[in-house]
1. Just to verify a result, which residue in the stretch B:20-44, among those that are over 30 Å from B:E119 (Cβ atoms) and out of contact with any strand residue (DSSP E or B) (no Cβ under 7 Å at 6 or more places or on another chain), is least open to solvent (accessible area, probe 1.4 Å)?
2. Kindly indicate the residue of the stretch B:170-193 that is within 13 Å of A:K155 (Cα to Cα) and assigned to a loop (DSSP other than H, G, I, E, B) and also farthest from the other protein chains (Cβ to nearest Cβ) among those meeting that condition.
3. Quick check: anything in the stretch A:203-216 within 16 Å of the ligand (Cβ to nearest atom) and hydrophobic (A, V, I, L, M, F, W, C)?
4. Do we find a residue being within 14 Å of chain B (Cβ to nearest Cβ) and open to solvent by less than 60 Å² (accessible area, probe 1.4 Å) anywhere in the stretch A:3-10?
5. Of all residues being among the β-branched types (V, I, T), more than 7 Å from every other protein chain (Cβ to nearest Cβ) and in contact with a Gly (Cβ under 9 Å, 6 or more places away or on another chain) in the stretch B:124-145, which is least open to solvent (accessible area, probe 1.4 Å)? Just the residue, please.
6. Only one residue in A:G208, A:G242, A:G160, A:G232 is within 11 Å of another protein chain (Cβ to nearest Cβ) and within 27 Å of B:V145 (Cα to Cα), so which one is that?
7. Of the conditions (1) modelled with pLDDT of 95 or more; (2) away from the ligand (no atom under 13 Å from the Cβ); (3) in contact with a strand residue (DSSP E or B) (Cβ under 7 Å, 6 or more places away or on another chain), B:I205 fails just one. Which one is it?
8. Restricting to the stretch A:121-174, name every residue that is part of a loop (DSSP other than H, G, I, E, B), away from the ligand (no atom under 13 Å from the Cβ), touching a Pro at 6+ places or on another chain (Cβ under 8 Å) and more than 18 Å from A:M1 (Cα to Cα).
Amino acid sequence: MRFAVLLKWVPDLVEDLEVDDEGTGVDTEDLKFKLNEFDDHALEQALLLAGEGDEVVALTLEGDGAEKMLCTAIAKGASRGIRLTGGSSLDTAGLADSFSQALGADTYDLILTGVQSVDDRDGQLGPVLAARMGLPCVSVVSEVGLEGSTAMVAKEYSGGMVAEFEVDLPAVLGIQAASEAPRYAPVSRVRQVQQTVDLEEFAVSGTGASSGSSITGMAQPESGGGAKMLTGLDELVEVLNGLGVT
Amino acid sequence: MAGVLVVCEHLSGGFADITFEMLGLASSLQVGEVSAVAFGSMADRSGELGAASTVISAGCSDDFNPEEYAAAAKSAVETTSPDLVLVASTSMGYDIANPLAATLGIPLIAYCTGIEPEEGAFVCTSSLYGGKMGVTSTVPGPAVVMMLSGAHNADDGRIEGSPGVSDLGAVDTPGRVRFKQLIEPDQGDVDITQSGVLVAIGRGIGGKDDIEVAEELADLLDADMACSRPLVDAGWMPKSRQVGKSGMRVKPSLYIALGISGAPEHIEGMKDSATIIAINSDENAPIFDVADYGMAEDLFDVCEELIEELE
Ligand SMILES: Cc1cc2nc3c(=O)[nH]c(=O)nc-3n(C[C@H](O)[C@H](O)[C@H](O)COP(=O)(O)OP(=O)(O)OC[C@H]3O[C@@H](n4cnc5c(N)ncnc54)[C@H](O)[C@@H]3O)c2cc1C
């Protein structure tokens, strides 16, 4: 079986986000980025599913972080890494178009990606890609099992409710959580991969896909909008006393 | 025909609150007739959907199926030709809205909290970057917009009535996705939806061993422990303690959030708490927007001092 895992580089929300000068984007200068945490779960799920002779292929768009993401994926156990050149990472529509071209160049049984990312304003990649490729898709998946040419997946609803579906392969899954916490790759191992493994490249032929909408404004919600900010323990204790819980 | 089509969501035989939130919003926009597509036998309960003038009955199974529901929603859009389609930004909604917009070739806006009509277009505000940015998009109709739960009042759309019902007939799908069963959540040792006071911990707690501090505080306050999703995914806390979109919806009299950033998926599950106190070292954390009281400090410092004080 061949698994594809789609990876995306996103701002680390631990950082303070600022609006850029145009007022329509996040100021990326000095901003720290990281692998989309749900993509990390998608990768883990693929690695857990892959058995002897199976192949896990990690794909991402060229740019900052691409080499790090792909080499880390290989260090964790992925078989190959493919960097897409000339694609569009501006929005989900562009990403889906770019990935569909690269995935169409080979055959894959299961395509996994994170259920969402912090900046997918025009929709979630998994189902958009699936629609573009004419494949079935289930999102918000937290368990996957393979049985012949089908996958059994658990999709999470609200209130802790879970629905089980059987899906014909090939299929696309939007992964919410892998069945185990994502593994860790030692920095030394990642560095070793960087020095010894050649990443593959796939040239995307100009994507005309567009989200069909434009960002006209961006603003931080007023900080501390509703909260009365307390300084010092005394104030906190006073509030707790007032609520009668102490 | 212009107007708004609301894609109803249901679970366990009842319409979800988000259905009424979207119906209320759809009526308030005043951009033409409001219709609603209801799936399976839920269409028999059109009387609850009085905010819509027409209910489209989609002949689907009662259990959600990604392929079937997306195909039915598409056929409902094709028969009503709305300017705006509202879909819940939920697990089910992800698998309806995205294929719907992609196969119709119309734009989609996700994580939306508000919509203003403007000269044939819609100005939509989305909560992105974990709730740290409000992003405004202008999108021409027809468009699909995914609405976040809790941004509007469900009571505004909970109107009894007798909308006309039109039958969409059965939908044709390739049948590549088959529903098997619905699994109820494990009850766990404590039902946090019944707790009076909750001490909720997030990723800011750092490590599994550090949870002790919060437990000690919870003990002293006679509170139960709750948590955000990443702690469950890491295996540090049981699923029955998870608050949020894919966890429990809680309404304690007091919710103390320790090291929780306040992502929309978390807020959805706790915003109705009577009083919320948030402790987070990042003064810009979105959790402070829903909290009544906030402390921009290290949670360990505060917990230790507070424990000492309470003892
Ligand atoms: C479909 C879907 C469903 C989801 N369902 C849920 C759900 O049900 N519940 C849920 O919670 N999430 C859910 N999520 C995940 C959600 O998007 C967020 O990723 C999650 O809520 C973040 O959890 P957190 O706030 O604990 O972690 P983070 O966002 O990482 O925040 C940690 C916070 O701790 C603070 N901090 C760090 N150290 C300290 C310290 N020493 N003292 C004080 N503060 C500190 C940081 O400033 C930061 O704000 C869902 C996501 C998806 C896609």
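1. Top of the filtered list is B:G40.
2. Ranking the qualifying residues of the stretch B:170-193, first place goes to B:E184.
3. No, the stretch A:203-216 contains no residue that is within 16 Å of the ligand (Cβ to nearest atom) and hydrophobic (A, V, I, L, M, F, W, C).
4. Yes; the residues of the stretch A:3-10 include at least one that is within 14 Å of chain B (Cβ to nearest Cβ) and open to solvent by less than 60 Å² (accessible area, probe 1.4 Å).
5. B:V144
6. Working: A:G208 fails: within 11 Å of another protein chain (Cβ to nearest Cβ); A:G242 fails: within 27 Å of B:V145 (Cα to Cα); A:G232 fails: within 27 Å of B:V145 (Cα to Cα).
Going through A:G208, A:G242, A:G160, A:G232 in turn, the sole match is A:G160.
7. So B:I205 meets the others, but not (2).
8. Within the stretch A:121-174, just A:D122 meets the criteria.
The values are calculated or read from the model by the stated rules, or taken from the named source; none is laboratory data. Note that the structure is predicted; figures quoted are calculated from it, not measured. Cβ: placed from backbone, ideal geometry, glycine included. Neighbour counts: every protein chain shown. SASA here: full protein model, heavy atoms, side chains in, ligands and nucleic acids out. Shrake-Rupley method; radii C 1.70, N 1.55, O 1.52, S 1.80 Å.
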